[in-house]
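I have placed the structure first, in the form of structure tokens, so that the comments after it can refer back to it.
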Amino acid sequence: MSTLGKILIVGAGGQIGIELAEALSKIYTSGNVIVSDLKPIPALPNNPFEKLDILDKNALFDIIKKHDIKQVYLLAALLSATGEQNPAFAWKLNMEGLFHVLDLAKEKHIDKVYWPSSIAVFGPTTPRINTPQQTVMEPSTVYGISKQAGEGWCNWYFNKHGVDVRSIRYPGLIGWKSAPGGGTTDYAVHIFYEALKHQKYECFLSENTALPMMHMEDAIRATLELMHAPSENIRIRTAYNLSGLSFTPAQIAAEIKKHITQFEITYKPDFRQNIANSWPASIDDAAARADWGWKEHYNLPLLVENMLKNLTHLVHR
Ligand code: NAD
Ligand code: SER
């Protein structure tokens, strides 16, 4: 893998970044995976760290030259719930950061870019069940608008300038190694901490709100599989639909109850309910399966068992 050059992860201190850095460091050796964020990342002591605000294009350029970076994974963004609280800044961060990276790729300073999109590109007029790869997209959040626009720009930079940029529309991601950062799907992470600590959880979505979800391990593996697939296999340069599993708060609560019999869930929907209502319940990811061989590992029982097993040690430490 060393022929592919060094990697920079921007926003590496977040929910995905910590796990992506660990996974990339097993393939490329940790010294070749440079991690950057607004502040140091104690969870990644073995990776070279650069303090970086992605809005500072000159600083990004300097880091790319200093380390001879060839690939950038751009993860810095405001997510759906925090984006609605600060729409102007969400638009600025989510769009300008992407332009900075795509422009440096266009100018041949880097060879390859990964930038995640989201199920938030879909909206209330999108078919909700088995949402197709290509369909109506009228997103209801600033976050979704920025992801939809970002997908269009990725496609444009590929078509006009040959930039090798790749993307996935992640569903809600659930992992135990790092905390989530302001999403609507994050209830499905918080629920495990509360179940282990207090045997109860008040959910900010209603009981029958089905959403597409995925174990973080599957999401990281998908990301690496996409990034390592031959360029000619990548037919979609907006972003790939990706499906793992779908469930409601009531269904995940019932699965947790099989392990923690006293566990109780209550429901107090807030502004995030409207966001969830506008998103798909399940996703058709036939293109990802056909183009680069995607297949999920985790179903709901496996995911719940894995989360409880790993979080038990952390929560009761
Ligand atoms: P997160 O909020 O956990 O992490 C984002 C990281 O970016 C944080 O460590 C933050 O400090 C950093 N950051 C913020 N502003 C920055 C700046 N100006 N410069 C540099 N770093 C900055 O987010 P995440 O869940 O890890 O998501 C990463 C990406 O994946 C985002 O683009 C998000 O939209 C996308 N995504 C996430 C999910 C999910 O369920 N977590 C689902 C779909 C898409
Ligand atoms: N998990 C993300 C969110 O809820 C979806 O992109 O914001």
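The values are calculated or read from the model by the stated rules, or taken from the named source; none is laboratory data. None of these values were measured; they are calculated from a predicted model. FYI the Cβ positions are ideal-geometry reconstructions off the backbone, even for glycines, and counts take in every protein chain you see. Note: accessible area is taken over every heavy atom of the protein model, side chains too, but ligands, DNA and RNA are not part of it. Shrake-Rupley method; radii C 1.70, N 1.55, O 1.52, S 1.80 Å.
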Read phi for every residue in region 208-223 and hand back ³J(HN,Hα) as whole Hz from Karplus 6.51 cos²θ - 1.76 cosθ + 1.60, θ = phi - 60°, with x for Gly and Pro.
-> 9, 7, 7, 9, x, 9, 7, 5, 4, 4, 5, 5, 5, 4, 4, 4
So between residue 130 and residue 225, what do we pick up on full extension, going 0.36 nm a residue minus the alpha carbon distance?
-> 31.9 nm
All aspartates and glutamates inside 15 Å of residue 108 as judged from Cα atoms, apart from same-chain residues fewer than 8 positions distant | 62, 68, 164
Between residue 246 and residues 5 or more places away or on another chain, which pairs have amide H atoms under 5 Å apart, with H built 1.01 Å from N, and which residues are they?
-> 213
Can you pull out the trypsin sites (Lys or Arg not before Pro) in region 62-143 that DSSP calls coil and that have at most 10 other Cβ atoms within 10 Å?
-> 108
May I ask you to evaluate 6.51 cos²θ - 1.76 cosθ + 1.60, the Karplus curve with θ = phi - 60°, for each residue of region 180-185 and list the ³J(HN,Hα) values in order in whole Hz, giving x for glycine and proline?
-> x, x, x, x, 6, 7
Hey, can you find the accessible area per residue of the chain for me, probe 1.4 Å, expressed in square angstrom?
-> 42 Å²
Diffing region 104-114: the Karplus 3J(HN,Hα) column from phi (6.51, -1.76, 1.60, θ = phi - 60°), in whole Hz with x for Gly and Pro, holds 5, 6, 4, 7, 6, 7, 9, 9, 8, 10, 10
Could you work out the local net charge near residue 39, counting Lys and Arg as +1, Asp and Glu as -1, over the other residues with Cβ closer than 12 Å to its Cβ?
-> -2
Report the normalised scattering of region 230-312 as log10 I(q)/I(0) at q = 0.11, 0.15, 0.22 Å⁻¹, calculated by the Debye formula with identical scatterers on the alpha carbons.
-> -0.47, -0.78, -1.10
Please work out the FRET efficiency for the pair residue 111 and residue 315, using the Cβ-Cβ distance as r and a Förster radius of 35 Å; give the result to the nearest 0.05.
-> 0.25
On a 0 to 90 degree scale, rounded to 10, what angle separates helix 57-67 from the longest Cα axis of the chain?
-> 80 degrees
Taking the chain and counting helices only, DSSP H stretches of n ≥ 4 at -39,500 (n - 2.57) each over all residues, the nearest-500 ellipticity at 222 nm comes to -13000 deg cm²/dmol
Low-density loop positions, trypsin sites (Lys or Arg not before Pro), region 181-289 - DSSP coil, at most 12 other Cβ in 10 Å = 235, 258
Length gain on complete extension for the stretch residue 39 to residue 207, per 0.36 nm per residue less the alpha carbon to alpha carbon distance?
-> 56.8 nm
How many nm is it between the label spots at residue 193 and residue 95, if each spot is 7 Å from the Cα in line with the beta carbon?
-> 3.3 nm
So which GluC sites (Glu not before Pro) in region 161-207 are both in a DSSP loop and have at most 12 other Cβ atoms within 10 Å of their Cβ?
-> none
Rounded tilt (10° steps) of 300-315 against the dominant C-alpha axis of the chain = 80 degrees
Within straight-line cross-link reach of residue 268, lysines at Cα separation under 26 Å, skipping those fewer than 8 residues along the same chain = 197, 200, 257, 258
